[in-house]
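Structure incoming, see below.
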Amino acid sequence: MEISESASSDAASPSTPLVGSQYNSVNQFCRLTNKFQSLGLAGVLSYAFLNLCYYLGTFLVLWLYVIPSPGGLGFIRAVKRVVEVLAIVWAGGEVTKLLRLAGALILAPFFDRVLNWFTGRFGFDSRGKAFGLLILSGFTLAFMALVTVTLLWS
């Protein structure tokens, strides 16, 4: 998905029903997306990190405190409960997407240094390979947390 100048000019066309603050939000989102695309792997890594923190943190807070689940649910009911809570987390994630994108822009220089350090420290041939390992590590952490919660409550 590539957002170009024509996409932001389309938002300003008279046939588009965007007015006032809606237009400003779409225009701001297009500008942030263009900046984000110019950051490359560091931008994607920072956005992935913020997504990991949001989704995993929100899931655990909901599961443990907001809508606590009783123990001994059984495996099938525990899986259903995990899916229900994940749906709530996903809906909240749609609301905070612009905030996480802006945060990723702010954190991208830091993650650029992290990516460079990780590439050199562990002897990767390219930043892409280091990036892949870091992303895989995040997915593994999230998956293990969901499996652990499911098994503990089943």
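FYI, it's all coordinate maths here, none of it is from the lab. Nothing here was measured: the structure is a model prediction, and the numbers come from that model. Cβ: placed from backbone, ideal geometry, glycine included. Neighbour counts: every protein chain shown.
Efficiency by 1/(1 + (r/R0)^6): what FRET value for T140 and L60, r their Cβ-Cβ distance, R0 = 22 Å, to the nearest 0.05?
The formula returns an efficiency of 0.85 here.
How much length is gained if the chain between L151 and V83 is pulled fully straight, taking 0.36 nm per residue apart and subtracting their Cα-Cα distance, in nm to one decimal?
23.1 nm
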